[in-house]
Amino acid sequence: MFGFQNSCVVLESKASCRLTDVNERHFKTFNHFGNGDVHVRGHQRVPSDTKEFHEATKRDALIRLRKDLDNLLHSADDDKKATVQKEMCGFEALFHRFLQEDGPSVEWDKIEKLPQDAVKDYSSLKTPQESEIRAMLDKLVVVKLNGGLGTSMGCHGPKSVIPVRNDLTFLDLTVQQIEHLNKKYSANVPLVLMNSFNTDEDTEKVIRKYKGFQVQIYTFNQSCYPRISRDSLLPVAKDFNIEADIEAWYPPGHGDFYQSFQNSGLLKKFIDEGRDYCFLSNIDNLGATVDINILNRLLGSDRQGDKPIEFVMEVTDKTRADVKGGTLIQYEHKLRLLEIAQVPKEHVDDFKSVKTFKFFNTNNIWARLESIERVLNARTMNMEIIVNNKTLDNGMRVIQLETAVGAAMKCFDDGIGINVPRSRFLPVKKTSDLLLVMSNLYSLKYGSLVMSPQRMFPTTPLVKLGDNHFSKVKEFLGRFANIPDLIELDHLTVSGDVTFGRGVSLRGTVIIIANHGDRIDIPAGAILENKIVSGNMRILDH
């Protein structure tokens, strides 16, 4: 094994970084995966000569990668070299761990039963007195993960600028929510957007329209890492002209938040201001609003014990629709996130069991700012690597190395889970989700979606819309004269060339299937309750 000694994983020299000279502070910042040899999971049952061959191959891959990263750095503009250098050091550390780690990061038999108090029930939290709320809010920072594009839904630019309700975008709703808090409680909660190189420029233009709002908005960029060829294990990028070859680069997942937040200077700024916690969530999760009761548990009269809670993961009850979502486990005496990618193949069915693992991660995270700084400076931020395989437009097979923000939980002390209502998990990933949030299931109040009191059950309907005709937002909207009444809907499946007239009501279980070459027009005012509609039905104007 060969360990790495500093931020840029140098084999021979402890005092230098191959990319360029960096000071000791940068070493401490970027060697956040631990100093010394990387712990390798699993057991290799191979002859020693084969092992030595693999070690030599890894060593060669690292040396060749360093050379390519050097070349990339030299091609960067002079005013960007300091930033690029930091990012390439971070990437090299991640790549080194990727080479070293072997086998699953979790040994299944070592998973422990969750301690009784590990996951608090939301109903046990106390609501604070109104007089306490302002002081708590002034110690909070709201962070939204804003690195994603809307391409999967057929939209251009950042996903956060897709209209989702009353022509308001994800970003509009987020700003409205925080402004309402600030006005109601005379508080000053800032909004921080973590952009990627894909969304930064467009987001900066959009946020100008919020200048008159009672919200301070800050932005910073997560890292920009080179995609690696699966065959050569070398970067496919030839220079640092990202716009000229944008496919060669990628943002390395939301686990990059911690390091990029510190690098931006915002972590220190907010600590110096006396702020204690950040609340972080995906910008497309419309249920992820600031929760006063959770904040009270962290900072107010509901706080328990002498030690502050350093990390909170909001989880919610797992249903059969959530079987692939990450879950909370106790492992090596600490709470941690278990993702399906970490599960040995023979235990995937166990992982998906609703009985065995009752909760799944909403990716709503509360973290203590000083604790983030401590973990980063101590170089103990050690998140599992997610290897994401991609194929570029030119057919080249590449890998991108990513991390998940919730995976950092094991690096903190005194972490807990809170089992929150399903209403706090309302992500919009597909047009089927968009159908729900645009419907009369919800009303809009100060930027927050509130489920209609007419809905008999707190759960949302299960909706499946066919990819061929409904996956893109523009086409999806063109298939509805207006959004149907979904108050009494349990399950909806639509497949094929189907359109909906104005004032349609869907109740119970409704399945509408137009076979290839057929078309179904649901007439205006139709009420479909526990119906299967198939074949060919067209309403013609005359």
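Counting the residues of region 152-179 that are under 24 Å from F197 (Cβ atoms), out of contact with any Cys (no Cβ under 9 Å at 6 or more places or on another chain), modelled with pLDDT of 90 or more and in a helix (DSSP H, G or I) gives 7.
When we screen N198, N166 for residues that are open to solvent by 60 Å² or more (accessible area, probe 1.4 Å) and more than 24 Å from N296 (Cα to Cα), the only hit is N166. Apart from one condition, T431 fits all of (1) open to solvent by 10 Å² or more (accessible area, probe 1.4 Å); (2) within 30 Å of W249 (Cβ to Cβ); the exception is (1).
Residues satisfying the criterion are absent from region 521-539 (criterion: buried (at least 18 other Cβ atoms within 10 Å of the Cβ) and within 24 Å of S152 (Cβ to Cβ)).
Each residue in region 239-281 was checked for being closer than 18 Å to S223 by Cα, among the acidic types (D, E) and more than 19 Å from the chain's Cα centre (by Cα), and 4 of them qualify. Which number in (1) at pLDDT 95 or above; (2) open to solvent by 10 Å² or more (accessible area, probe 1.4 Å) marks the one condition that I246 misses? So I246 meets the others, but not (1). Reported count of residues in region 140-151, each being part of a loop (DSSP other than H, G, I, E, B) and at pLDDT below 90, is 1. Flag set for A187, criterion: open to solvent by less than 60 Å² (accessible area, probe 1.4 Å), of a type in the set (A, V, I, L, M), over 25 Å from G157 (Cβ atoms) and in a loop (DSSP other than H, G, I, E, B).
Table: residues versus (1) farther than 23 Å from P163 by Cα; (2) outside any loop (DSSP other than H, G, I, E, B); (3) at pLDDT below 95.
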position: M456; (1), (2), (3): yes, no, yes
position: N468; (1), (2), (3): no, yes, yes
position: I483; (1), (2), (3): no, no, no
position: V494; (1), (2), (3): no, yes, no
position: L506; (1), (2), (3): yes, yes, no
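If you go through region 240-259 one residue at a time, do you hit one that is at positive phi and touching a strand residue (DSSP E or B) at 6+ places or on another chain (Cβ under 6 Å)? Yes: region 240-259 contains one or more residues that are at positive phi and touching a strand residue (DSSP E or B) at 6+ places or on another chain (Cβ under 6 Å). Here is the figure for region 394-413: residues that are under 21 Å from E92 (Cα atoms) and either part of a loop (DSSP other than H, G, I, E, B) or among the charged types (D, E, K, R) (or both) total 4. Of the residues making up region 210-229, those that are surrounded by 15 or more Cβ atoms within 10 Å (Cβ to Cβ) and of a type in the set (D, E, K, R) number 1. Of all the residues in region 314-323, those that are at pLDDT 85 or above and surrounded by fewer than 17 Cβ atoms within 10 Å (Cβ to Cβ) number 1. Of the residues making up region 414-428, those that are part of a helix (DSSP H, G or I) and either open to solvent by 20 Å² or more (accessible area, probe 1.4 Å) or in contact with a Lys or Arg (Cβ under 7 Å, 6 or more places away or on another chain) (or both) are R422, S423.
Counting the residues of region 211-227 that are assigned to a loop (DSSP other than H, G, I, E, B) and within 26 Å of S186 (Cα to Cα) gives 6. Residue under question is D317, and the condition is that it be acidic (D, E) and in contact (Cβ under 8 Å) with a residue 40 or more places away in the chain; does it hold? For D317, the condition - acidic (D, E) and in contact (Cβ under 8 Å) with a residue 40 or more places away in the chain - is met.
With respect to the conditions (1) open to solvent by 60 Å² or more (accessible area, probe 1.4 Å); (2) under 19 Å from V504 (Cα atoms), R455 falls short on a single one, namely (1). Restricting attention to region 65-77 and to residues that are free of Cβ contacts under 8 Å to residues at least 60 places away in the same chain and either β-branched (V, I, T) or more than 14 Å from D239 (Cβ to Cβ) (or both), the residue that is surrounded by the fewest Cβ atoms within 10 Å (Cβ to Cβ) turns out to be K67.
In this entry, L114 is excluded by the filter for residues that are in contact with a Phe, Trp or Tyr (Cβ under 7 Å, 6 or more places away or on another chain) and among the aliphatic types (A, V, I, L, M). Residues in region 257-298 that are free of Cβ contacts under 8 Å to residues at least 12 places away in the same chain and outside any helix (DSSP H, G or I) were compared, and the one that is nearest to G148 (Cα to Cα) is G265.
For region 117-168, a residue qualifies if it is touching a helix residue (DSSP H, G or I) at 6+ places or on another chain (Cβ under 6 Å) and among the hydroxyl-bearing types (S, T, Y), and the qualifying residues are T127, S160.
Residues in region 365-419 that are of a type outside the set (K, R), over 21 Å from E332 (Cβ atoms) and touching a Pro at 6+ places or on another chain (Cβ under 9 Å): E370, Q400, L401, E402.
The values are calculated or read from the model by the stated rules, or taken from the named source; none is laboratory data. Values in this document were obtained by computation on a predicted structure and should not be read as measured data. For neighbour counting, all protein chains shown are included, and Cβ atoms are generated from backbone atoms with ideal geometry for every residue, glycine included. Ligands, DNA and RNA are stripped out before the accessible areas are found, and what is left, the full protein with its side chains, is counted by its heavy atoms. Shrake-Rupley method; radii C 1.70, N 1.55, O 1.52, S 1.80 Å.
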